[in-house]
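Okay, so here's the structure we're looking at.
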Amino acid sequence: LIKIINHSFIDLPAPSNISSWWNFGSLLGICLILQILTGLFLAMHYTSDTTTAFSSVTHICRDVNYGWIIRYLHANG
């Protein structure tokens, strides 16, 4: 049992060309998922009409639960 765990997890066979850029790709994937999810949540409350667009942004920041966090995550993500 210990030999199976050792070969599966500890002595994991991995190619030699894997570097820290693989971690960067995972980080980019997480940022993309964060952008998509927060964009969907913001789109549920946003109005694209020219007269009410700013009012909908203030509505998101003031009236929606944690709307300001979602907006800032979307802006910085």
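The values are calculated or read from the model by the stated rules, or taken from the named source; none is laboratory data. Predicted model, so just to flag it, every value in this text is computed and none were measured. Heads up, the Cβs are rebuilt from the backbone with ideal geometry, glycines too, and the neighbour counts pull from every protein chain shown.
The residue that is nearest to the chain's Cα centre (by Cα), counting only those in region 23-34 that are surrounded by 11 or more Cβ atoms within 10 Å (Cβ to Cβ) and either farther than 19 Å from Arg71 by Cα or touching a residue at least 12 places away in the same chain (Cβ under 8 Å) (or both), is Leu34. Taking region 1-36, which residues are touching a His at 6+ places or on another chain (Cβ under 9 Å) and either in a helix (DSSP H, G or I) or at pLDDT 85 or above (or both)? Passing the criteria: Leu34, Gln35. Within region 35-48, identify whether any single residue is aromatic (Phe, Trp, Tyr) and in contact (Cβ under 8 Å) with a residue 24 or more places away in the chain, and answer yes or no. Checking region 35-48: at least one residue is aromatic (Phe, Trp, Tyr) and in contact (Cβ under 8 Å) with a residue 24 or more places away in the chain. Restricting attention to region 1-22, the residues being under 28 Å from the mean Cα position of the chain (by Cα) and surrounded by 10 or more Cβ atoms within 10 Å (Cβ to Cβ) number 1.
Per the listing Val57, Val64, the residue uniquely touching a His at 6+ places or on another chain (Cβ under 8 Å) and either surrounded by 10 or more Cβ atoms within 10 Å (Cβ to Cβ) or in a loop (DSSP other than H, G, I, E, B) (or both) is Val64.
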